[in-house]
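Have a look at the structure below, then the notes.
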Amino acid sequence: MLKLTYTENSFQLERLAQFLEDWVTARVILSLRAGWHICVEPSTASFLLPADLPGIDRLEAEAWREDSEIISLCACDAEYVEVSLHGTWVSAGTDKDEGVFVVSMSDRTEFFLFKLWQEAQLGASCVSE
């Protein structure tokens, strides 16, 4: 399962060895016991990867093998490719921009997407230094 945590200024991608349904159930139970508001709904999340990232073509092949309802890639411009995922949005309310998005795909696709995202982050941190 991939977990994307969206905050006001950024997002973080994690790969968890947990079933999506188990994670969502635990989050809902925690919210109920703590008295917190929670919104769980089907949704789409997107983020950008550099188009020249080594392996981006392999990700496109993996996405094609994957159910097209879950992951899609689209060239934004010459510099970036948009990765769109269809999964579950969990937040404190329906109008919140901050929250957690979770999606489940094949282990191979999840691992490869996570590794590409990590490489993109390393490249971005080297450029900013």
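The values are calculated or read from the model by the stated rules, or taken from the named source; none is laboratory data. Everything quoted here is computed from the prediction, not taken from an experiment. Reconstructed Cβ throughout: ideal geometry from the backbone, glycine too, with neighbour counts over all protein chains shown.
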Specify the residue that is nearest to the chain's Cα centre (by Cα); the eligible residues are those in the range 1-34 that are part of a strand (DSSP E or B) and among the basic types (Lys, Arg). LYS3
Qualifying residues in the range 86-122 (those that are loosely packed, with under 13 Cβ neighbours inside 10 Å and in a helix (DSSP H, G or I)) - the one modelled with the highest pLDDT: GLN118
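Okay, residues lined up against (1) of a type in the set (A, V, I, L, M, F, W, C); (2) within 17 Å of LEU2 (Cβ to Cβ):
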position: GLU21; (1), (2): no, yes
position: ALA34; (1), (2): yes, no
position: SER43; (1), (2): no, yes
position: PHE47; (1), (2): yes, yes
position: ASP52; (1), (2): no, no
position: ILE70; (1), (2): yes, yes
Which members of the range 35-85 meet the condition of being in contact with a helix residue (DSSP H, G or I) (Cβ under 6 Å, 6 or more places away or on another chain), among the β-branched types (Val, Ile, Thr) and either exposed (fewer than 14 other Cβ atoms within 10 Å of the Cβ) or not in a strand (DSSP E or B) (or both)? ILE38
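Within the bounds of the range 91-107, is there any residue that is under 20 Å from GLN18 (Cα atoms), in contact with a Pro (Cβ under 8 Å, 6 or more places away or on another chain) and touching a residue at least 24 places away in the same chain (Cβ under 8 Å)?
no
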